[in-house]
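Beneath this line is the structure, given in structure tokens, with notes to follow.
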Amino acid sequence: MSNNTVLRKPKWLRMKIQGGENLNYVQKILSKYHLNTVCEAAGCPNRMECFSSKTATFMILGSRCTRNCTFCDVTSGAPDLLDPHEPEHVADAVKALGLQYVVVTSVTRDDLPDGGADHFAKVIKAIKESSPEALVEVLIPDFKGDRDALQTVIDAGPVIINHNIETVPRLYREVRPQAVYERSLELIRRVKELSTLYSKSGIMVGLGETFDEVIQSLHDLREVDCDFLTIGQYLAPSKEHHPVVEYVHPDTFAKYKEEALKMGFREVASGPLVRSSYKAHEMIHG
Ligand code: SF4
């Protein structure tokens, strides 16, 4: 999907200065243990801030995804072989970095019978074994709606199960064609049916949705008892990706947060540079 008219970035999206001692140290550890992070894969603007406050989002199950969402910078294609050492490598990196809050996400592996749920569980358990004080949040794919796969991840004992709806249902076909809006909502509902864990979801704006469509999606999330919410500005990784239709004003993000808190979300992070795991540790501590 290419676009000819590229919108000029507004001042509120001027990126923070990257680099710094902590960033280099974290990157050294990540390469030592052959680990991917979505922070690096997606070139997240917040990684300096997150790494220096000792949070990072590990991306497991390889670097290639079996899906092809048009907003995502992760490579799509034939997936990598599972690395049986990945759980211990992630746990070793968590220990080496002294991370107190760890977010684990993954590419989507529709090629695996359980979508990679067992591997997710092994990573969570390995982290908890070597860093018992660390809290683990998982940002999971939809496992094609597989209930047992979700139960496997729940049983490993993360503190939060995060699954992004990403956008409003009208835009699914052009933004995340292999996903199903209702299936994603059902996964979030099941977190509460199958466990006492917190649930969390996130949505990007600026893809062409209307204010009312976003508000409706927030109601849909509250309908399935979602606890935590992130809302951030979509930024196109390249001209080949879905175009940015709008740079949403910070006042609108504030309005979304106000409405979401009124609906009963426990905590909401809403702002142009907010990402799924942004300040994740602060959310749970309220
Ligand atoms: S499923 Fe996730 S990792 Fe795969 S293309 Fe979509 S957003 Fe990217």
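Side notes on the structure shown:
- Hey, Lys32 open to solvent by 50 Å² or more (accessible area, probe 1.4 Å) and modelled with pLDDT of 80 or more or not: yes
- Considering segment 144-239, the qualifying helices (runs of 4 or more DSSP H), each wholly inside and each with 3 or more residues that are open to solvent by 20 Å² or more (accessible area, probe 1.4 Å), run over 147-155, 181-194, 211-223.
- Residue count for segment 60-85, restricted to those that are buried (at least 16 other Cβ atoms within 10 Å of the Cβ), within 8 Å of the ligand (Cβ to nearest atom) and part of a strand (DSSP E or B): 1
- Cβ-Cβ contacts under 7 Å between residues 6 or more apart (or on different chains), taken from a first residue in segment 139-155 that is modelled with pLDDT under 95 to a second residue that is away from the ligand (no atom under 16 Å from the Cβ) and open to solvent by 20 Å² or more (accessible area, probe 1.4 Å), are absent.
- Unique residue being touching a strand residue (DSSP E or B) at 6+ places or on another chain (Cβ under 6 Å), not hydroxyl-bearing (Ser, Thr, Tyr) and not in a loop (DSSP other than H, G, I, E, B) when the list is Val274, Val268: Val268
- Residues of segment 113-140 classified as under 20 Å from Pro177 (Cα atoms) and either out of contact with any His (no Cβ under 8 Å at 6 or more places or on another chain) or more than 16 Å from the ligand (Cβ to nearest atom) (or both), total: 1
- Within segment 125-143, the set of residues being assigned to a helix (DSSP H, G or I) and open to solvent by less than 10 Å² (accessible area, probe 1.4 Å) comprises just one member, Ile127.
- Criterion (modelled with pLDDT under 80 and either within 11 Å of the ligand (Cβ to nearest atom) or among the acidic types (Asp, Glu) (or both)) met by exactly one of Glu40, Glu88: Glu40
The values are calculated or read from the model by the stated rules, or taken from the named source; none is laboratory data. Everything numeric in this text was worked out from a predicted model, so none of it was measured. Reconstructed Cβ throughout: ideal geometry from the backbone, glycine too, with neighbour counts over all protein chains shown. For the accessible areas, the whole protein counts, side chains as well, though only heavy atoms, and no ligand, DNA or RNA atoms are used. Shrake-Rupley method; radii C 1.70, N 1.55, O 1.52, S 1.80 Å.
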